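The values are calculated or read from the model by the stated rules, or taken from the named source; none is laboratory data. What you see is a predicted model; the values in this text were computed from it and never measured. Counting neighbours? That spans all protein chains shown, and the Cβs are built from the backbone with ideal geometry, glycine included. These accessible areas exclude ligands, DNA and RNA; they are computed on the full protein's heavy atoms, side chains included. Shrake-Rupley method; radii C 1.70, N 1.55, O 1.52, S 1.80 Å.
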Amino acid sequence: MTKHAFKNLLALFFTFVLVSCAILGMFSPVIFAGRDSRLKTTQMNDRLLAEINDLRASKGLKALVIDSKLNTIADTRSTEAAEKWSHERPNGEQGTELIDPTLWRGENLSSVTYPNYDGSTKNQEKAADTMFDNLVASPAHYDNMVFDKFTKIGISSELTETSKGTKITVAYMFSN
């Protein structure tokens with residue numbers, strides 16, 4: 001194969017991949033949550049993990065550890081849930097289907113809106129406490145947080161500006 005023919009074949013291949021991704025909806029902003037969201041929610045996510053692990057400790061359970069694969073999935077799910085509040089993904093699958101099916105899988109979603117959210121430590125702590133209290137009050141969400149088979153977690157947040165303020169959507173992905 002000549003160098004010119006190889007370049008043409010490679011260009012055709014990449015065109016096919018880009019078109020396929022666009023058709024399947026895979027090349028969209030749902031893959032990576034925004035950098036601004038990450039910067040303005042890091043302390044909140046750390047606090048949420050600490051509160052979940054404090055709850056687990058009170059039940060005699062081991063602490064959950066952050067898992068990079070679950071964080072990537074949580075990035076996707078927080079963005080998707082910010083766009084459409086549902087455990088169902090845009091493609092019709094459940095959010096937990098992003099996790100290896102041979103593992104225990106769980107998903108919690110939470111959301112809160114603040115009129116003047118600026119990402120300050122005070123705002124992040126208040127948001128974390130509110131969302132954690134809401135999760136504890138929900139039996140299904142509580143069960144995920146204290147399920148003894150879960151050993152890993154991914155947490156990610158997405159910020160969306162609305163007419164009522166900044167909406168903070170958090171995805172928590174659980175596994176073993």
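When the chain is fully extended, how far beyond the present Cα-Cα distance does Ser58 get from Glu97, taking 0.36 nm per residue of separation?
Extra length available between Ser58 and Glu97 comes to 11.1 nm.
Which of the peptides 108-120, 56-68 is most tightly packed, and how do the rest follow, going by the mean number of other Cβ atoms within 10 Å of each residue?
The peptides rank, most packed first, as 108-120, 56-68.
In whole percent, and with a 1.4 Å probe on the protein chains, what portion of the accessible area of segment 29-176 is carbon and sulfur?
52
How large is ³J(HN,Hα) for each residue in segment 76-86, as worked out from phi by the Karplus curve 6.51 cos²θ - 1.76 cosθ + 1.60 (θ = phi - 60°), to whole Hz, x for Gly and Pro?
So the J values, rounded to whole Hz, are 4, 5, 5, 5, 4, 5, 5, 7, 9, 5, 5.
Taking the alpha-carbon centroid of each part, what is the distance from segment 132-176 to segment 56-84 in angstrom?
7
With every protein chain kept in place and ligands, DNA and RNA left out, what is the accessible area per residue of segment 42-138? Probe 1.4 Å, answer in Å².
53
Assign unit charges at the C-beta atoms only (+1 for Lys and Arg, -1 for Asp and Glu), then state the dipole size of segment 41-128 relative to its Cα centre in Debye, rounded to the nearest 20.
Details: 11 positive and 14 negative charges, 63 e Å.
It comes to approximately 300 debye.
Over 28 Å between Cα atoms: which of Lys69/Lys164; Lys59/Lys126; Lys122/Lys149 fall into that group?
Lys69/Lys164; Lys122/Lys149
Mind ranking His87, His141 by accessible surface for me, highest first, 1.4 Å probe?
In descending accessible area the options line up as His87, His141.
Along the Cα→Cβ direction, 7 angstrom out, place labels at Val136 and Ser68. What is the inter-label distance in nm?
Modelled inter-label distance: 3.3 nm.
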